[in-house]
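One structure is given below, encoded as structure tokens.
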Amino acid sequence: MKLQQLRYICEVAKHDLNVSATAQSLFTSQPGISKQVRLLEDELGVQIFSRSGKHLTHVTPAGKAILAAAESIMLKVDGIKRTAQEFCDERKGSLSLATTHTQARYALPKVINSFIGKYPDVALQMQQGTPKQIAEQAANGEVDFAIATEAMEHFSDLLMMPCFHWNRSIVVPKDHPLASVSKLTLEDVASYPIVTYTFGFTGRSKLDEAFNAARLEPRVVFTAVDSDVIKAYVRLGLGIGIIASMAFEEALDQDLICLDASHLFKHSTTNIGFRRGTLLRGFMYDFIESFSPNLTRERVDEAMATNNAQDLAALFANETLPLR
């Protein structure tokens, strides 16, 4: 049994059993991967993947158990490599993130700019996606950190730590009737067509909870994952916009009025996390603390020492987080 073979079966599983796509991602040949998978199966005496002709169709029950063990081994191998890198040069390496558009566009730029200035030899990569995609990428080891707000049920395999709270604002053109309202009510908001986030993105669930609790049916006429797209359609007169407050930029959005809606909706919480068992290098601790000053190295180590989601939640139960 070779580490390369374990790596191959893990990558094949990640690529939905597409050996061709796996070969491309690993810069090797499709026959080479197929051969090594067969050799591993022959050595173990069980099939990891079921086949129909030359195509892999699904993971066998034995294969699921073997893949779980292989992924754990590969995580430890990555940890060994990171340990060696830390002793060789603690300021060189790579860091990959997966997050949503709003976090990438509004919460992360200053943090990343500062981080690159401090660690110019660390290659930084960012991927954007849905909460489910973000969780899968982090759980599969495709990225180091996941940063998200919505759909925390998808992140059960990760150690997710709270960073900050944030709330929403209503954006309207300057001549809109709501622009002259001193304090908005949910009834005010529900009386106009609404442009806001797609369900499952950027705290959308808090909007739906508030309207449902008030027994109001908002007229959501357009949804998008991108705050800038929402503002663009508000400018076209499609409706009033409900966006994360951090997404309103006074210098760029001078043609719009931003109305506070923090009293209408419960705040949302942005979290950052990674797979349990991940060895964090020094610059990774620094990135976490730069993004969320309450998450010091000591605090992160405390979180890593917890045994389950309940213990982790208890650790942060009385945490006072900043509001952005």
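Residues in region 49-65 that are open to solvent by less than 50 Å² (accessible area, probe 1.4 Å) and touching a strand residue (DSSP E or B) at 6+ places or on another chain (Cβ under 9 Å) were compared, and the one that is nearest to GLY277 (Cα to Cα) is GLY63. Here is a check on your reading of the model: is SER50 over 30 Å from PHE283 (Cβ atoms), among the hydroxyl-bearing types (Ser, Thr, Tyr), assigned to a helix (DSSP H, G or I) and without any contact (Cβ under 8 Å) to a residue 40 or more places away in the chain? Answer is no for this residue. Whenever a residue of region 130-156 is assigned to a helix (DSSP H, G or I), its partners that are aromatic (Phe, Trp, Tyr), lying with C-beta atoms within less than 9 angstrom and at least six residues away or across chains, give the pairs PRO131/PHE155; PRO131/PHE201; ILE134/PHE155; ALA135/PHE155; ALA138/PHE145; ALA138/PHE155; ALA138/PHE274; ALA139/PHE155. Restricting SER262, SER227 to residues that are open to solvent by 10 Å² or more (accessible area, probe 1.4 Å) and in contact with a Lys or Arg (Cβ under 8 Å, 6 or more places away or on another chain) narrows the list to SER262.
Would it be correct to say that PHE27 is aromatic (Phe, Trp, Tyr) and open to solvent by 40 Å² or more (accessible area, probe 1.4 Å)?
yes
Go through region 159-170 and give me each residue that's within 19 Å of GLN310 (Cα to Cα) and surrounded by fewer than 23 Cβ atoms within 10 Å (Cβ to Cβ). Passing the criteria: LEU159, MET161, PRO162.
Here's the yes/no breakdown for (1) open to solvent by 30 Å² or more (accessible area, probe 1.4 Å); (2) out of contact with any strand residue (DSSP E or B) (no Cβ under 9 Å at 6 or more places or on another chain):
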{"position": "ALA123", "(1), (2)": "yes, no"}
{"position": "VAL172", "(1), (2)": "no, no"}
{"position": "TYR192", "(1), (2)": "yes, no"}
{"position": "PHE211", "(1), (2)": "no, yes"}
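Restricted to region 269-294, and to residues there that are open to solvent by less than 10 Å² (accessible area, probe 1.4 Å) and over 17 Å from the mean Cα position of the chain (by Cα), the residue that is farthest from TRP166 (Cα to Cα) is ARG281. Give the residues of region 105-124 that are among the aromatic types (Phe, Trp, Tyr) and either under 16 Å from the mean Cα position of the chain (by Cα) or assigned to a helix (DSSP H, G or I) (or both), sorted by residue number. Correct list: TYR106, PHE115. How do the pairs read when you match residues in region 73-99 that are farther than 15 Å from VAL122 by Cβ and open to solvent by less than 40 Å² (accessible area, probe 1.4 Å) with residues anywhere that are aromatic (Phe, Trp, Tyr) and at pLDDT 80 or above, using Cβ under 8 Å and keeping only pairs 6 or more apart or on different chains? So the pair list comes out as ALA98/PHE145. Kindly indicate whether any position in region 212-225 is within 30 Å of ALA317 (Cα to Cα) and in a helix (DSSP H, G or I). Checked against the condition, which is being within 30 Å of ALA317 (Cα to Cα) and in a helix (DSSP H, G or I), region 212-225 yields at least one hit. Count of region 281-318 residues, restricted to those that are within 17 Å of ILE116 (Cα to Cα), in contact (Cβ under 8 Å) with a residue 60 or more places away in the chain and in a helix (DSSP H, G or I), is 8. Taking the listed residues VAL12, VAL46, VAL19, the one that is buried (at least 16 other Cβ atoms within 10 Å of the Cβ), at pLDDT 90 or above, over 26 Å from the mean Cα position of the chain (by Cα) and over 30 Å from ARG168 (Cβ atoms) is VAL19, with no other qualifying.
Of all residues in region 233-242, those satisfying the criterion of being open to solvent by less than 40 Å² (accessible area, probe 1.4 Å) and either of a type in the set (A, V, I, L, M, F, W, C) or farther than 16 Å from THR102 by Cβ (or both) are VAL234, GLY239, ILE240, ILE242. Can you tell me which residue in region 310-324 is nearest to SER169 (Cα to Cα), limited to those that are out of contact with any strand residue (DSSP E or B) (no Cβ under 7 Å at 6 or more places or on another chain) and exposed (fewer than 15 other Cβ atoms within 10 Å of the Cβ)? My answer is THR320. When ILE194 is tested against (1) outside any strand (DSSP E or B); (2) touching a Gly at 6+ places or on another chain (Cβ under 7 Å), only condition (1) is not met.
Contact map, region 116-127: first residue among the β-branched types (Val, Ile, Thr), second residue surrounded by 13 or more Cβ atoms within 10 Å (Cβ to Cβ), Cβ cut-off under 6 Å, separation 6 or more or different chains; pairs are VAL122/GLY93; VAL122/LEU95; VAL122/PHE283.
The values are calculated or read from the model by the stated rules, or taken from the named source; none is laboratory data. Note that the structure is a prediction, hence the values are computed from the model and not measured. Cβ atoms come from the backbone with ideal geometry, glycine included; neighbour counts cover every protein chain shown. Heads up: the accessible areas ignore ligands, DNA and RNA and are worked out on the full protein's heavy atoms, side chains in. Shrake-Rupley method; radii C 1.70, N 1.55, O 1.52, S 1.80 Å.
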